[in-house]
Each structure stands twice: as C-alpha cells, then as structure tokens.
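Structure first, commentary second.
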Amino acid sequence: MADPTEAGGTAPEPDAAAATAPVGGTVNSQVTDAVATVDTLVAGLAPASAAAMLGLAGAQSVALGMYNAIARQQADATIASATLAALCARMMGAPLPAGAASPSAAGLIAMAEAQAQAGIVILRSQAEQAEGDPAAAEAALARVAAAAGAAPVAVVDPLPEAARPAAKARRG
C-alpha cells in the first residue's frame with residue numbers, strides 16, 4: 001500500500017489512547033458491545049432452551065412408553081396366535097410342527113384368566129364412562145359374572161376314540 005503522504009495527502013492521526021496503551025491492550029468499543037450483546041442473548045435464551053430440553057425429554061419418555069406398550073401388545077398377540085394354533089391342532093388331532101411344544105394346561109388356564117381379567121377391566125371402565133354405552137358394558141359384565149358362576153362346562157372330545165386313528169391316517 002502506498003504512503004498517503006506521497007499522493008499529497010496527510011497521514012491519519014493516531015488515537016491518543018492507542019498510542020499510550022501497550023500493544024494489544026485496547027479493545028474497540030464495538031467489540032465490547034458485541035460481546036455484551038452475545039452474553040445478554042445467551043442469558044436470555046437459557047430459560048427457553050431449558051424448557052425446550054425438558055419438553056423433548058418428556059416427549060421422549062412418552063414415546064418410549066408407547067413403544068413398550070405396542071411391543072408388549074405384539075408379543076401378547078403372537079403368543080395368543082401360537083396358543084390358538086396349538087389348540088386347534090390338538091382338537092383336530094393334527095401333529096404340531098417339529099420343535100413346537102404343546103401348551104400346558106396350567107399355561108392355558110393362566111392365559112385365559114389374564115385375558116378375562118383384562119376384559120373385565122375394560123368393561124368396568126366402559127361402564128363408568130358417560131361417553132360410551134354404560135348399559136351395554138353393564139350387561140356384558142353381568143353375562144361374564146353369570147358365566148363365571150355357572151357350573152363348569154363339560155369338555156366334549158370332537159372326535160370319538162374310534163375315529164381318531166382314521167383322522168390321523170388321512171392327515172398324514
């Protein structure tokens with residue numbers, strides 16, 4: 001860059017404070033204002049950032065709970081489907097696939113009881129709500145209670161013992 005005095009101009013006057021201060025010891029007032037503005041901005045955004053993080057954490061926990069509920073429902077549906085297939089195979093006298101275990105009587109009873117308890121809870125909640133059909137839910141609860149108090153149902157074998165070998169021979 002050319003010296004301004006060569007072109008007939010005068011050199012700019014040095015700042016008096018800059019001339020007396022040690023090198024690197026002065027800070028421009030614009031830089032100080034910018035740093036103060038950024039500090040104020042960060043301090044002002046902190047509560048909003050904290051609230052946003054709290055909202056995100058809450059949404060994440062709700063989403064994880066929903067995911068776990070859906071995964072549990074899918075697992076229950078898979079178990080129920082497998083149990084139903086095994087029961088149908090048992091009723092028809094068909095062999096189960098290799099490696100498949102027939103459900104135990106205790107397991108079937110426990111599963112049926114759990115499903116009945118879940119049904120009763122749903123019916124009770126529907127009966128207590130004004131929006132649903134409380135009368136229908138009450139009637140369904142009465143039918144379930146009557147069925148529970150009824151005499152045990154006799155188990156009828158769908159195939160008499162004499163027909164069982166013939167049915168197995170046809171299947172396979």
Quick check: pseudo-label points 7 Å beyond the Cα along Cα→Cβ at residue 90 and residue 35, how many nm apart are they? 8.0
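Taking 0.36 nm per residue of separation and subtracting the Cα-Cα distance, what length does fully extending residue 83 through residue 142 add?
Gain in length upon complete extension: 18.5 nm.
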Would you mind getting the Kirkwood hydrodynamic radius of segment 60-114 from its Cα pairs, rounded to one decimal in Å? 13.0
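Every read-out reported here was derived from the displayed coordinates using simple, explicitly stated rules and does not represent laboratory data. The shown structure was predicted, so the numbers you read here are calculated from the model rather than taken from an experiment. When we count neighbours, we look across all protein chains shown, and the Cβ atoms used for this are built from the backbone with ideal geometry, even at glycine.
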